[in-house]
Amino acid sequence: MDLKSPETLVCLKGVRKTFPLPGGSPLVAVDDVSLTVDAGTAVALTGPSGSGKSTLLHLIGAIEKSDEGDIDVAGQRVTGLSGRALAAYRRRIGFVFQRFHLLPTLTALDNVMAPLIPFRTDFDKAARARELLAMVGLADRAAALPSRMSGGQQQRVAIARALVNQPVLLLADEPTGNLDSHTGGAIVDLLLNLRDEHGTTLIMATHDATIAARCDRAVHMRDGQLTTEAIS
Ligand SMILES: Nc1ncnc2c1ncn2[C@@H]1O[C@H](COP(=O)(O)OP(=O)(O)O)[C@@H](O)[C@H]1O
Ligand SMILES: [Mg+2]
């Protein structure tokens, strides 16, 4: 048994995000959210459409800026970062989306490599990408274009791409939302396997109660607020 106390990887305190509305009071998308996530755990973020799940993921990944509150990830204060430090932070976060967002004219291998292209690395980029494609079970599809792949395969490529910079945190926004339940289940198997084998920390927005129940924890959002926190 591991008796070490868990390490907090993500800590949110009083985080708030509003969007201006034309001619009215602003819309509060994330309202005073406080949350901690331990390293190496998989957390499901559930809640109805419009409850603020995507916005919260964007704030944690610093795709959007919060209006108030503090976000710390891996010991770094994310709120307030700008310029190069912000760009460097974003590269340490892996993002997986519902609609895969692969580049249609690039092969699977080139899609996985794409985030590395602007940078000098001390390892072989293609070799890293091949390794990741093998890890997601697509070693034999490296040369395929996204249009020739099933939805489940495309999401596997997107997951491999999200891992290419060895992120400290993986954020997944309804990663099974465009897949049938069988294929979606296999994608969740893959994500939870990354946690088991590599200690990847995962925060995953999902509508699906079955998927949420498979995570270590589920937190529920409603109208921008965290409501109950169920430990499964
Ligand atoms: N860029 C934006 N501009 C204006 N309103 C937004 C924007 N993004 C999200 N919202 C609003 O914020 C609320 C939360 O949205 P979102 O985070 O996408 O919820 P969820 O992912 O749970 O469906 C919704 O009311 C949505 O319309
Ligand atoms: Mg959403």
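Only the coordinates and a few stated rules stand behind these numbers; no lab work does. This structure is a prediction, so every number in the text was calculated from the model and none was measured. Here Cβ is always computed from backbone atoms with ideal geometry, including for glycine, and neighbour counts include all displayed protein chains.
The charge dipole of region 173-232, taken about the Cα centre with unit charges on the Cβ atoms of Lys, Arg (+1) and Asp, Glu (-1), comes to about 140 debye, rounded to the nearest 20. Listed values for region 87-93 are Karplus-derived 3J(HN,Hα) couplings in whole Hz (6.51 cos²θ - 1.76 cosθ + 1.60, θ = phi - 60°), namely 4, 5, 4, 4, 5, 8, 10, and x replaces Gly and Pro. Label zone (ARG90, point 7 Å along Cα-to-C-beta; backbone nitrogen cut-off 20 Å) within region 151-190: 158-174. Here the Gaussian network model covers the chain, with springs between Cα atoms less than 10 Å apart; of ILE159, ILE71, ILE117, ILE117 fluctuates the most. Straight-line cross-link partners of LYS13 among the aspartates and glutamates, defined as a Cα under 18 Å from its Cα and at least 8 positions apart when in the same chain: ASP31, ASP32, ASP38, GLU64, ASP67, GLU68, ASP70, ASP72, ASP223, GLU229. Have a look at THR210, THR36, THR201 and tell me which one the Gaussian network model of the chain (Cα, springs below 10 Å) gives the largest fluctuation. Looking only at THR210, THR36, THR201, the biggest GNM fluctuation is shown by THR210.
Each other residue within a Cβ distance under 15 Å of ASP140 adds +1 if Lys or Arg and -1 if Asp or Glu, for a net charge of +3.
At a 10 Å Cβ-Cβ cut-off, how would you order PHE100, PHE123, fewest neighbours first? Walk me through the intermediate numbers first.
Working: PHE100 21, PHE123 9.
Neighbour counts put them in this order, fewest first: PHE123, PHE100.
All other residues whose Cβ lies under 14 angstrom from that of GLY151 are scored, Lys and Arg at +1 and Asp and Glu at -1, for a net of +2. The DSSP beta bridges internal to the chain are antiparallel in roughly 55% of cases.
Here region 55-72 is scanned for amide nitrogen atoms under 18 Å from the site 7 Å beyond the Cα of PHE119 along Cα-to-Cβ, giving 61-63. Alpha carbon centre of region 156-232 versus region 43-80: separation in Å? About 15 Å separates the Cα centre of region 156-232 from the one of region 43-80.
Counting beta carbons within 10 Å around each of CYS11, CYS215 and listing the fewest first gives the order CYS11, CYS215. As a length-normalised measure over Cα pairs under 8 Å and 6 or more apart, the relative contact order of region 187-232 settles at 25 percent. Projecting the Cα positions of GLY47, ALA142, LEU163 onto the charge dipole of the chain (unit charges on Cβ atoms of Lys, Arg, Asp and Glu, taken about the Cα centre) puts ALA142 furthest along the positive direction.
When exposed loop sites are taken as trypsin sites (Lys or Arg not before Pro) in a DSSP loop with at most 10 other Cβ atoms within 10 Å, the longest stretch of the chain clear of them is 5-119.
Springs between Cα atoms under 10 Å define the GNM used for the chain, and in it the highest mean-square fluctuation of THR183, THR200, THR46 occurs at THR183. For the chain, the Cβ-based charge dipole about the Cα centre amounts to some 700 debye (Lys, Arg positive; Asp, Glu negative; other atoms uncharged). Structural descriptor for the chain: relative contact order 28 percent, calculated from alpha carbon pairs under 8 angstrom and at least 6 residues apart. Look at VAL43, VAL157 and count the other Cβ atoms within 10 Å of each Cβ; fewest to most, that gives VAL43, VAL157. For the chain, the longest principal axis of the C-alpha atoms and the axis of helix 181-198 are separated by about 90°.
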